[in-house]
């Protein structure tokens, strides 16, 4: 098999696995430590969250140190390098933010378990970001999803169970598509490695296989028309889990999609095979934003907004240009901060961390809690693509590469979607700044101050990335 | 450094005003006034400040945070500093702190727009300046629809601008081009028309020009007087400034192609705005429609391709800024006293409020183009420029609304100040010295510019070599 992997070393390079292993092994420490803590309350939560954050930070530091190098493990099935490192860092940041938001999801005796599941899900997303063959993709996807099925159902509300069941069934179906597509691709080419797929001749079987594979991806990215599960699942899941899903699931799946689009599809045929994905991205930008217009529950609103935002990111891949990949990564990083920041604000506005936060809760927020309102305005302005945020800079870069790659229609649809989205996001801004009788507003505050840390970091990053749009430069060679 | 401070200082200090307690309206206003005065002094003293430039993007096209004075932008920044100072002076009410803060943020964003030497930076500030006005409209809360209309119209324009900027960057390889004569090669036929269409759409909405004007009367009517003074005086000039600094040098052939359409839109705005202004009952809406009419005239000048008309456009841009700010401030003073802007309900204020009447008279005379005041200087330059460039008929048609301006402006004055005193109107004090201080520099500048427009004209004529390259 080795010729298929080009210059990558074959064999198990343990350095490649080190960050993912750190994330995957931390839960064992947490579960073990939890055995000795039988009391209730803050200590038990603090220990679980603390160990988890330490583990994630260690993984992040190792990952950052590996940035200039390439590693490959399992005969090239898992490749670690600039591309996957950026995705993995996004996953790590999002997981830390989720932990800050949650301070432990569920009852005290569940915290160790839920934290462990969260970290295992994160390691699944990290596996996906480095996956270079069809089997590792599936392995990572299932590892990511299995933890999330449980986490969705953790709260006692009936919508939580509905969400978990819906997620389980629809996600399994998506996995089915992906798996069937993988099987057909293997049948067509005789190899599961992405690099081997690129060299294979075009047959009907290959086209069908890649089509089914992409359907599975579109499901997981919740691109229109495969998006219907997203709002219900987001609504039912606990808010930190929703925040996690809105970033980590999308980041992991985007990594797989990018590698598939850039490295697995033969360049001469890729543009034809991927056309349906660009159409789905265009539909997502328009329909996602149109559907968000009608939402008043923040979780559903952010779910639809996420559908549209992923449409923008996918649009950057159009034409499979090197710059497009870089700007997709930049926008994904920006989306991570803007979206997690918005979720952290919502979390700070609910007392038990599990309530439904609707639009009316924002009424007059600027006069009650000005700092929170200022931060939320920044995140919403960013999501709407206005300056001075990464939302603006990222969007202009995506517009530029998409237009430059000959997909001017996609850029036009992106503009249309953004115009619609202005109403979605500014509806919340307007609610915050409108003068109301504050006596009639429910002013709930979270008992957990940690989300403030997430809000502060996200606000700084949303602004700073817009002014200094650092794009990773050595991304492309590692996909190929 | 100085030009960077002109952009950042108002924004940062304006936001810092929010750190003051919510009730500290007087302290907030006082602090904002000091800041506005300092910025005005800075603009006056540092007219030769060097550019600042920081790299922003290198791919897919080069872009920089490049700020600097240009021949036209210096005057607009000066106008903005003066109008902002006057506007902050007349901020009042329980929300004074917030409005003063938003005025400063707006000033910073618009300084950025005028000082930007990079098209992408221009687009950034174009979108940024929407936010303070939207927030003030939301806070004013008179009609919920107005804020949406303002935001959505202008944002759609801003997005077209953004797409056009991206295409501009891809084609030209850099957006760091404004005021750089070496790079005025033009965009080329394939993309030029599309890029021009994107820019023009944004500029026409912002100005506004018929048929994109429907957001304007409502926005002007609902904004508090100090903010509408700034928006009407300066923000409405952003589009015309864009045509002059981006359109003329880089999209010259497209501007010539678009001339018949733009002339038609400009003339329709001129005539339509004047007739609606004659019929409106709301004093603020009269001035709003008169702006539509006046800015239509400037649009003609911008598309005429004549350097003389460009000079007239700049003079008239400044003149309109000065007298519309003065008009809105005085009308705000009237509304605050009488609690109505309805011309049919008002009347007879002049007898007991001679200073208020005098201030309104001066502003109205400037607006109707009395010779010796700034409006006349701008109009005569534009009309002469149009005529000399061979556009005889448009110049003749443009004369009619200028005559109508006398009718509607005097009607405003007459309805408010003359006639019998209305017993049901509350009797209030005459113009306070603070309000007088706000209006006086604007009126003084109107007189100065009317008597001696040469220094402003020279700014355009000096840069005329490259501006005139169109024809």
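Worth pointing out:
- Where only DSSP H runs of four or more residues are counted, chain B gives -23000 deg cm²/dmol as its mean residue ellipticity at 222 nm, each run worth -39500 (n - 2.57).
- Separation in nanometres of the label points that stand 7 Å from Cα toward Cβ, at residue A:356 and residue B:424: 4.8
- For segment B:181-298, fraction of C-alpha pairs farther apart than 17 Å, in %: 56
- Percent of alpha-carbon pairs separated by more than 19 Å within segment B:237-293: 43
- Helix axis angle, B:25-45 relative to chain B longest principal axis, alpha carbon, degrees: 50
- Ranking of B:129, A:349, B:1, B:461 by count of other Cβ atoms within 10 Å, fewest first: B:1, B:461, A:349, B:129
- Zone residues, segment A:96-121, relative to residue A:36, backbone N less than 11 Å from point 7 Å out along Cα-to-Cβ: none
- Segment A:2-479: C-alpha gyration tensor shape, a/c 1.5 cut-off, then a/b vs b/c: oblate
- Taking Cα atoms only, the orientation of helix A:82-102 departs from the longest principal axis of chain A by about 20 degrees.
- Simple spin-label estimate for residue B:434 and residue B:336 in nanometres, 7 Å along Cα-Cβ: 0.6
- Cβ-derived FRET efficiency at R0 30 Å, residue A:165 paired with residue A:296, nearest 0.05: 0.75
- Counted by neighbouring Cβ atoms within 10 Å, the residues A:25, A:458 run from fewest to most as A:25, A:458.
- Relative to the globular-protein estimate of 2.2 N^0.38 Å, the Cα radius of gyration of segment A:174-319 stands at 1.09.
- Size descriptors for segment A:228-277, from the alpha-carbon set: Rg then Dmax equal 15.0, 44 Å.
- Counting other Cβ atoms within 10 Å as a rough exposure proxy, the listed residues B:84, A:159, A:114, B:432 run B:432, A:159, A:114, B:84 from fewest neighbours to most.
- With all projection directions averaged, the alpha carbon convex hull of the protein assembly as shown covers 38.6 nm².
- Alpha carbon centroid spacing (whole Å) that separates segment B:201-223 from segment A:36-70: 54
- The alpha carbons of segment B:1-151 give a radius of gyration and a Dmax of 16.0, 49 Å, in that order.
- Kirkwood Rh in Å, taken over segment A:340-472 so that all alpha-carbon pairs contribute: 16.0
- If R0 is taken as 60 Å, the Cβ-Cβ distance between residue B:51 and residue B:278 corresponds to a FRET efficiency of 0.85.
- Building the convex hull from the alpha-carbon atoms of chain B and averaging its projection over directions returns 20.0 nm².
- Peptide B:156-167 - average C-beta neighbours from other chains (10 Å radius): 6
- 0 to 90° range, to nearest 10: angle between helix A:204-221 axis and chain A longest Cα axis: 10
- Two-site FRET efficiency, residue B:400 against residue B:16, from Cβ-Cβ distance with R₀ of 35 Å, rounded to 0.05: 0.10
- Mean Cα-pair separation over length for chain A, i.e. relative contact order, pairs under 8 Å, 6 or more apart, %: 15
- Counts of other chain beta carbons within 10 angstrom of each beta carbon in peptide A:375-386 average 2.
- Relative contact order for segment B:1-108: 46 percent, from Cα pairs under 8 Å spaced at least 6 residues apart, divided by residue count.
- For segment B:110-169 and segment B:359-375, distance of Cα centres in Å: 31
- Mean residue ellipticity, 222 nm, helices only, chain A: the sum of -39500 (n - 2.57) across DSSP H runs of n ≥ 4, divided by residue count and rounded to 500, is -23500 deg cm²/dmol.
- Label-point gap, in nm, between residue A:279 and residue B:58 - each point 7 angstrom along Cα→Cβ: 4.0
- Between the alpha-carbon centres of segment A:376-414 and segment B:33-90 there is a gap of 26 Å.
- For peptide B:437-443, the mean count of partner chain Cβ atoms within 10 Å of a residue's Cβ comes to 0.
- Debye log10 I(q)/I(0) at q = 0.19, 0.24 Å⁻¹ for segment B:1-45, Cα point scatterers: -0.59, -0.83
- Scattering profile of segment B:271-471 at q = 0.11, 0.18 Å⁻¹ [log10 I(q)/I(0), Debye over alpha-carbon scatterers]: -0.51, -1.13
- Ranked by the mean number of other Cβ atoms within 10 Å of their residues, highest first, the peptides B:152-160, A:311-319 fall in the order A:311-319, B:152-160.
Bear in mind that the values in this text are calculations on the coordinates, not laboratory data. What you see is a predicted model; the values in this text were computed from it and never measured. When we count neighbours, we look across all protein chains shown, and the Cβ atoms used for this are built from the backbone with ideal geometry, even at glycine.
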